[in-house]
Amino acid sequence: MRVSVLQENLAKGLSIVGRAVSSRSTLPVLGNVLLSTDEGRLKLAATNLEIGISCWLGAQVEDEGAITLPARLLTDWVNSMPPEKISLDMVVRTMSLNLKCARFESNIKGIDASEFPLIPTADGEGALCLQPAALRKMVDQVVFAASTDESRPALTGVLARFEGERLTLAATDGYRLSVRRTMLPRPAPEDLAIIIPARSLAEVSRISGEANPDKDVEVTVASARNQMLFRIFGKGDAEQSGFHQVDLVSQLIDAKFPDFNAIIPKNYATRTVLDTAAFAKASRVASLFARDSANNVKLQVAPGSDTVPGQLVVRANSAEMGDNVCELDALVEGNQVEIAFNVRYLMDVLGVIDTPTVVLETTQSMRPGVIRPVGTGPEEFTHVIMPMQLTR
């Protein structure tokens, strides 16, 4: 293998596939990145057997070949180089790669590419197409609510339910629930419900942030192999920093997801409409005083009158640090209510809502609260938060 590639391109490619490198595997090759030539491009690939990422970069290919190199060493070396062309020359006899950039030259020992696991790639057949920005927004609005507790595998993933032209994503950790719905450009080949690891979707979101906005992300479900495949097209070519294409393959979680529709309250006693940015800022300030009390923040909602606007009061108290009160004007419909939430959960959901106003629906102090963006219907984005014990 003899290849030349821009330092910026190689650094970008390694940052993309590096998230799939295994850090705790008994197989040494899983700690490596595969470098191979493919139709005049340089292909990088990494896998931990749960998620596999392949990335194609623009490059000048003189000789075909493939090798795997230690991911951490290669990434650190490339990131240390000046923004110039890097020459890669494989030495088959020693199973190593000679790297040259400007006045630097190194030799890194690798492992034969034949030992690297095969990573499936999408072929585009039967793929659903989603606009990159829309997909990223959907994922960002649910993935943060997934659990990190491996003892409940179903909750560490995101439910993806395909029903005709509708796609629903849902995630919960038992204390909060995020549901995002959208209409597909065309119906799914079949109705199905699968659970995708939250980590895999987070990677899809990260990569799609640099995708070509004019090319849709292709999504394919290989149910026979229990896998989900994403193909993301980039803007890169041989003369600029970027990638041509990324294929991400993720194993699915074989478990039963809870009935999330049963968790969403069907009605409310109080409906409070607030400025999103003001509510987010009040929550951030309250969090400074709520650290010592399990992030417990009290919300007091009071309806207005003909002369006085409705009000939401955000209170946080720390026995050691002090207390904080913030008053927000609000449009309040219904009864006065007092309820407590984990302020970190409030900050998380308000951080993924991009509408100017947001609505908080509540029934009573020990019943779940619902947060929705104003301007989209309940069929778009719904977030449910379980309340905390009110402290006096």
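The values are calculated or read from the model by the stated rules, or taken from the named source; none is laboratory data. Quantities reported herein were computed from a predicted structural model and do not represent experimental measurements. Glycine gets a Cβ as well: all are built from the backbone with ideal geometry, and neighbour counts include every protein chain shown.
Name the one entry in Glu327, Glu361, Glu338, Glu333 that is under 30 Å from the mean Cα position of the chain (by Cα), of a type in the set (Asp, Glu) and part of a strand (DSSP E or B).
From the options Glu327, Glu361, Glu338, Glu333, the qualifying one is Glu361.
Give all pairs with beta carbons closer than 6 Å in which a residue from region 146-175 that is surrounded by fewer than 13 Cβ atoms within 10 Å (Cβ to Cβ) meets a residue that is not hydrophobic (A, V, I, L, M, F, W, C); count only pairs at least 6 apart in sequence or on separate chains.
Gly164/Pro187; Glu165/Pro187
Enumerate the pairs (first residue in region 15-35 and within 17 Å of Ser114 (Cα to Cα); second residue anywhere and buried (at least 24 other Cβ atoms within 10 Å of the Cβ) and among the hydroxyl-bearing types (Ser, Thr, Tyr)) with beta-carbon separation below 6 Å, excluding pairs fewer than 6 apart on the same chain, so at least 6 apart or on different chains.
Close Cβ pairs satisfying both conditions: Val29/Thr68; Asn32/Thr68; Leu34/Thr68.
From the residues in region 99-119 that are touching a helix residue (DSSP H, G or I) at 6+ places or on another chain (Cβ under 7 Å) and surrounded by fewer than 18 Cβ atoms within 10 Å (Cβ to Cβ), which one is farthest from Trp77 (Cα to Cα)?
So the residue we want is Glu115.
Could you please find all residues in region 281-324 being among the aliphatic types (A, V, I, L, M) and under 31 Å from the mean Cα position of the chain (by Cα)?
Ala282, Val285, Ala286, Leu288, Ala290, Ala294, Val297, Leu299, Val314, Ala316
Output the number of the condition that Ser22 fails; it satisfies all remaining conditions of (1) buried (at least 19 other Cβ atoms within 10 Å of the Cβ); (2) at pLDDT 95 or above; (3) among the small types (Gly, Ala, Ser).
(2)
Taking Ala255 as the residue in question, decide whether it is of a type outside the set (Val, Ile, Thr) and over 30 Å from Ile86 (Cβ atoms).
Considered against the rule, which asks whether it is of a type outside the set (Val, Ile, Thr) and over 30 Å from Ile86 (Cβ atoms), Ala255 comes out as yes.
Conditions tested, residue by residue: (1) farther than 30 Å from Gly18 by Cβ; (2) touching a helix residue (DSSP H, G or I) at 6+ places or on another chain (Cβ under 8 Å).
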position: Gly234; (1), (2): no, no
position: Val249; (1), (2): no, no
position: Phe260; (1), (2): yes, no
position: Ala302; (1), (2): yes, no
position: Asn324; (1), (2): yes, yes
